[in-house]
Amino acid sequence: MEELHLLVSSAGGEVCATITGSRKAPDAKYFIGSGKAEEVKLEVEMHHADMVVFNHSLSAAQQRNLEEKLGVSVMDRTGLILDIFSQRAVSHEGKLQVEMAKLDYFSSRLAGLWTHLERQRGGIGVRGGMGESQLEIDQRLIGDRRRSLQAALDKFQRQSQTQRRARTKGSRLNIALVGYTNAGKSTLFNHLTSATAYAADQLFATLDTTTRKVYVEGAGQVVISDTVGFIRELPHQLVAAFRATLEETVHADVLLHVVDAASDVRLDQIDEVNKVLKEIEADNVHQVLVWNKIDLTAHEAGIERDEHGRIARIYVSAKTGAGMTDLREALVELVETQTPQWQKDKKKIEDDWSDDPRFRQVD
């Protein structure tokens with residue numbers, strides 16, 4: 001519930017009341033049951049609330065029924081996160097990705113958005129064909145817009161792949177910062193690279209991937225990328241729309257998994273990040289935990305190793321700079337022990353060709 005409060009605040013809302021409850025199974029009509037719906041309605045009237053936010057995903061029918069019952073707008077967790085992403089998107093690519101996700105989300109809710117959707121109307125072109133309903137017209141327009149957005153996103157993906165190949169021509173280690181939203185990834189990124197990426201104490205402060213080359217003494221140049229933060233029940237629409245952005249994670253040689261060491265639910269947050277990494281097929285990339293914000297805990301800066309002597313955790317504070325020397329020493333060790341992805345791909349291609357009977361080695 002604390003996270004839901006942060007989400008509402010990040011979207012620009014103000015929480016005036018919190019209502020909790022439990023059921024063995026969601027109610028088909030209201031999700032929360034008729035009695036609880038009456039309780040919510042009384043709170044809405046008492047506080048003159050403009051909107052009710054649910055910490056769960058609602059079906060289109062449940063959302064419509066609740067709005068009729070409560071007399072105010074109703075938003076579920078998915079819609080709330082989409083709204084925050086819509087406000088945070090800055091780059092042209094980010095705006096296209098958010099629009100794609102919103103089209104996927106609202107396409108199933110068309111029937112309840114306007115009362116005129118089932119009217120039949122004739123005409124030609126964009127107004128609709130003979131006997132075509134307004135709902136069918138809107139569905140067709142959404143389909144056309146989706147195809148246009150997908151073409152633009154495919155173009156951005158090709159550009160990203162070209163830029164990624166250019167960065168990996170040299171023997172540089174590619175490192176991606178991943179983690180739960182508001183874990184301090186952007187602050188850590190700025191500290192490592194002397195960049196000025198936007199960093200704030202809010203959820204989803206960063207949507208666009210930022211990449212920098214940085215020289216680390218003893219390791220040479222490495223490539224570090226700051227990625228979008230993850231969250232529990234991250235909408236599938238966003239994962240699909242931001243796949244091009246998240247590919248920096250898939251193609252990285254090492255993931256620095258930034259954890260909010262001061263959070264009481266940090267272990268749950270680690271699990272949620274790993275779920276998303278598995279969904280985008282980045283769970284096989286070597287991962288090192290970076291416990292950030294130790295200035296708010298009793299942890300001391302330093303490196304913790306596993307039973308094999310490999311780096312398991314690094315305790316730092318990106319805000320105060322504590323442990324950053326240890327982090328740079330860990331980067332040197334990672335450069336020495338990790339084979340860059342471009343070398344793995346090159347070896348795989350060579351192995352595939354060597355097994356081909358048509359292949360002949362030429363000096």
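Every number here is computed from the coordinates shown, using simple stated rules; none is lab data. All values reported here derive from a predicted model rather than from experimental measurement. Cβ placement follows ideal geometry from the backbone for every residue including glycine, while neighbour counts extend to all protein chains displayed.
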message: Which order do the peptides 178-191, 275-288, 94-107 come out in when sorted by mean C-beta neighbours inside 10 angstrom, highest first?
response: 178-191, 94-107, 275-288
statement: Plugging the Cβ-Cβ distance of residue 141 and residue 28 into 1/(1 + (r/R0)^6) at R0 = 51 Å yields, to the nearest 0.05, a FRET efficiency of 0.95
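Can you work out the FRET efficiency for the pair residue 38 and residue 14, with r the C-beta to C-beta distance and R0 = 25 Å, to the nearest 0.05?
The pair residue 38/residue 14 has a calculated efficiency of 0.60.
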- prompt: Which pairs break 31 Å Cα to Cα here: 95/278; 29/102; 69/278; 29/185; 36/95; 36/293?
  reply: 69/278; 29/185; 36/95; 36/293
message: If I model a spin label at residue 265 and residue 90 as a point 7 Å from the Cα along the Cα→Cβ vector, what separation in nanometres do I get?
response: 2.8 nm
- prompt: Cα centroid distance between the range 8-66 and the range 243-300, in Å?
  reply: 32 Å
message: Using 0.36 nm times the number of residues separating residue 333 and residue 2, minus their current alpha carbon distance, what extension gain do you get?
response: 115.3 nm
message: Taking the Cα of residue 68, stepping 7 Å toward and past its beta carbon, and measuring to each backbone N in the range 27-47: which are under 17 Å?
response: 27-35, 37-38, 41
task: For the range 146-153, take each phi angle, set θ = phi - 60°, evaluate the Karplus expression 6.51 cos²θ - 1.76 cosθ + 1.60, and give the result in whole Hz per residue in order, putting x for glycine and proline.
output: 4, 5, 5, 5, 4, 4, 5, 5
message: Can you list residues from other chains, or at least 5 along the same chain, whose modelled amide H is less than 5 Å from the amide H of residue 286?
response: 255
field: the range 175-185 - phi-based ³J(HN,Hα) in whole Hz, Karplus 6.51/-1.76/1.60, Gly and Pro as x
entry: 10, 10, 8, 10, x, 5, 4, 6, 8, x, 5
message: Taking 0.36 nm per residue of sequence separation and subtracting the Cα-Cα distance, how much length would be gained by fully extending the chain between residue 326 and residue 283, in nm to one decimal?
response: 13.0 nm
field: Order by protection proxy (mean Cβ within 10 Å, highest first), peptides 4-16, 53-65
entry: 53-65, 4-16
